[in-house]
1. Which residues, counting only those in segment 1-15, are at pLDDT below 65, surrounded by 12 or more Cβ atoms within 10 Å (Cβ to Cβ) and not in a loop (DSSP other than H, G, I, E, B)?
2. Quick check on residue 103: is it in contact with a helix residue (DSSP H, G or I) (Cβ under 7 Å, 6 or more places away or on another chain) and modelled with pLDDT under 70?
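The values are calculated or read from the model by the stated rules, or taken from the named source; none is laboratory data. Because the structure is predicted, anything quoted here is derived from the model rather than measured. Here the Cβ positions follow ideal geometry from the backbone for every residue, glycine too, while neighbour counts run over all protein chains shown.
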């Protein structure tokens, strides 16, 4: 998809929650409002088409089912289990197949 690097920060108060949850809540809210106003959302494609116009600060991408299934065979079978995930506060990936994580939390 053209990403140069991926990083994610976890905070104790919301370990595993954050911006993604906010986007998900916004998507659900917009979908509910659209249905109440008469929109017919009966497929994932239709959901994307209806709400994408309303989200100006978030870039949504729609991935066709066949493209998603095509990428399934490209994942590595040698994925290692990361122990102690609750103590991890930051993960970063800049190279294919390499994930760096940090357990310390620096607050300034």
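1. None; the set is empty.
2. Yes.
Residues are listed down the side, and each one gets a yes or a no for (1) outside any loop (DSSP other than H, G, I, E, B); (2) in contact with a helix residue (DSSP H, G or I) (Cβ under 9 Å, 6 or more places away or on another chain); (3) surrounded by fewer than 10 Cβ atoms within 10 Å (Cβ to Cβ); (4) modelled with pLDDT under 85:
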| position | (1), (2), (3), (4) |
| --- | --- |
| 17 | no, no, no, yes |
| 28 | yes, no, no, no |
| 40 | no, yes, yes, no |
| 49 | yes, no, no, no |
| 78 | no, no, yes, yes |
| 91 | yes, no, no, yes |
| 107 | no, no, yes, yes |
